[in-house]
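A short worksheet on the structure shown next.
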Amino acid sequence: MAKKEERFLKTYTQGITNVTEIWVDKRTGVNYLFHASGYAGGLTPLLNRDGTPVITTVSQYEE
């Protein structure tokens, strides 16, 4: 059986009860901000000043 590839890569995390994380989609390179506080949470794409999504070259994170 082939190994299942993980699509998202967590590149940043901060906090314990109020958690903020940045996730990168390996296929598109789009960065997402995730924030959780208690039982609530939200996910949104990170945007540049001009409104375009922040794109990361994923190969820099892979070993």
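The values are calculated or read from the model by the stated rules, or taken from the named source; none is laboratory data. What you see is a predicted model, and the numbers here were worked out from it, not measured in a lab. FYI the Cβ positions are ideal-geometry reconstructions off the backbone, even for glycines, and counts take in every protein chain you see. For accessibility, only protein heavy atoms count, side chains too; no ligands or nucleic acids. Shrake-Rupley method; radii C 1.70, N 1.55, O 1.52, S 1.80 Å.
Observations on the structure shown:
- Å² per residue, accessible surface of the chain at 1.4 Å: 83
- Stretching the chain fully between residue 52 and residue 6 yields a gain of 14.1 nm (0.36 nm per residue, less the alpha carbon separation).
- In loop segments of the chain as defined by DSSP, the chymotrypsin sites (Phe, Trp or Tyr not before Pro) with at most 13 further C-beta atoms inside 10 Å of their C-beta are 39, 61.
- Shown for the chain: the carbon plus sulfur share of the solvent-accessible area, taken with all protein chains present and a 1.4 angstrom probe, equals 54%.
- Nearest-20 debye value, the chain charge dipole, Cβ charges on Lys, Arg, Asp, Glu: 120
- The Cα-based radius of gyration of the range 1-48, divided by its Kirkwood radius, gives an Rg/Rh of 1.06.
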